[in-house]
Amino acid sequence: MSWAIVFDSSCNLHGFKPSAKDCTLKLVPLTIMVGGTEYVDDDRLDVGALNRAVAGEDEASSSSCPSVGGWAHSFEGADNVIAVTISSSLSGSYEAAVTARNMVMESYMVEHAGNIAGKNIFVLDSHAAGGKLELLVRLIDRYLSNNPGAAFDDVVAYARALETHAQVLFSLSSYGNLTKNGRMPKLAGILASHLKIRLLGTSNAAGAIKVAGSTRGERKTVAKIVSAMGSDGYRGGMVSIDHVDNEAMAQALKRAIIERWPAAEVYVEACRGLCSYYAEMSGIIVGYEWL
């Protein structure tokens with residue numbers, strides 16, 4: 001029985017190899033449109049070039065979710081598929097994946113005379129972006145590795161429970177794309193940039209962006225993130241820290257987390273195109289579970 005874990009490019013995993021037997025990982029890219037140029041957010045994307053193009057563009061740019069066909073293609077070739085998407089409150093990726101799931105299952109049923117016992121697809125709305133998706137993918141793979149005979153419904157139940165016991169925090173110091181796309185008042189963005197304020201945000205239960213506070217300086221930001229994680233109930237477990245050209249702060253945060261919770265399992269990843277586009281230079285996105 002083969003498995004596939006599929007995710008869109010709001011997940012910033014690079015070079016991760018599944019540990020579960022007969023399991024493959026598949027990336028379905030989003031696209032970013034900047035000044036008439038389309039950037040496909042796959043492993044070939046030059047994220048630095050994208051960031052420079054965005055910084056030099058005065059007009060609002062945009063992102064597009066993967067097509068239904070792109071998702072459908074990724075669902076082929078495995079008996080059991082778990083797909084993880086960016087929050088449905090931020091993108092149409094989840095809806096496209098669900099439509100693709102229904103299309104693939106209908107086609108499979110026709111090909112197999114109404115018998116769908118050999119094909120299963122589940123689409124999980126992460127209600128987040130960035131680090132939380134990496135955490136979900138890593139832990140679903142680990143569950144499959146530790147439970148090689150697990151039924152599909154058991155894996156789905158685990159994935160659902162994991163999503164509700166994980167959270168995302170983000171810390172931003174640049175707000176150009178948020179203001180250009182109307183996600184933040186322009187005056188507030190200009191003021192925050194001028195005062196060198198880093199906004200600390202999270203997602204609500206529906207996966208929409210919610211501002212949780214503000215800080216000045218990366219040291220204070222690291223301390224506030226660690227404090228917020230503890231308030232959420234984090235006591236050790238997996239953490240994924242994503243950064244936009246800010247390895248130093250990501251590593252400082254990793255050290256602070258391990259200092260407070262020595263059993264923490266912390267990974268650091270560079271953002272792909274989509275998360276770089278919204279988090280902008282020096283942005284940090286943190287996903288974590290609580291046990």
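Tabulated values for the structure
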read-out	value
Filter pass, SER67 being among the small types (Gly, Ala, Ser) and under 15 Å from the mean Cα position of the chain (by Cα)	no
Output for segment 156-171, where each listed residue is open to solvent by 40 Å² or more (accessible area, probe 1.4 Å) and hydrophobic (A, V, I, L, M, F, W, C)	ALA157, ALA161
Strands (runs of 3 or more DSSP E) lying entirely in segment 1-84 (those with 1 or more residues that are without any contact (Cβ under 8 Å) to a residue 12 or more places away in the chain and farther than 26 Å from PRO148 by Cα)	37-40
Matching option when the condition is touching a Lys or Arg at 6+ places or on another chain (Cβ under 9 Å), surrounded by 15 or more Cβ atoms within 10 Å (Cβ to Cβ) and at pLDDT 60 or above, among GLY217, GLY201, GLY230	GLY201
Whichever residue in segment 87-142 is within 14 Å of GLU289 (Cβ to Cβ) and basic (Lys, Arg) and, among such residues, is least open to solvent (accessible area, probe 1.4 Å)	LYS132
Sole exception among (1) surrounded by 21 or more Cβ atoms within 10 Å (Cβ to Cβ); (2) closer than 26 Å to MET109 by Cβ for SER2, by number	(1)
Selection count where residues are under 9 Å from ARG272 (Cβ atoms) and open to solvent by 60 Å² or more (accessible area, probe 1.4 Å), scope segment 9-46	2
Any chance LEU178 is at pLDDT below 95 and touching a strand residue (DSSP E or B) at 6+ places or on another chain (Cβ under 9 Å)	yes
Per-region count, segment 57-71, residues surrounded by fewer than 21 Cβ atoms within 10 Å (Cβ to Cβ) and under 16 Å from LEU124 (Cα atoms)	1
Residue check, GLY77 loosely packed, with under 15 Cβ neighbours inside 10 Å and within 23 Å of PHE152 (Cβ to Cβ)	yes
Residue that is nearest to GLU134 (Cα to Cα), among those in segment 231-250 that are part of a helix (DSSP H, G or I) and of a type outside the set (Ser, Thr, Tyr)	ALA250
Residues satisfying the stated conditions in segment 255-291, i.e. open to solvent by less than 20 Å² (accessible area, probe 1.4 Å) and assigned to a helix (DSSP H, G or I)	ILE257, GLY273, LEU274, CYS275, SER276, TYR277, ALA279
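The values are calculated or read from the model by the stated rules, or taken from the named source; none is laboratory data. A quick note: this is a predicted structure, and the numbers were derived from the prediction, not measured. FYI the Cβ positions are ideal-geometry reconstructions off the backbone, even for glycines, and counts take in every protein chain you see. The area values use the complete protein model at the heavy-atom level, side chains included, leaving out ligands, DNA and RNA. Shrake-Rupley method; radii C 1.70, N 1.55, O 1.52, S 1.80 Å.
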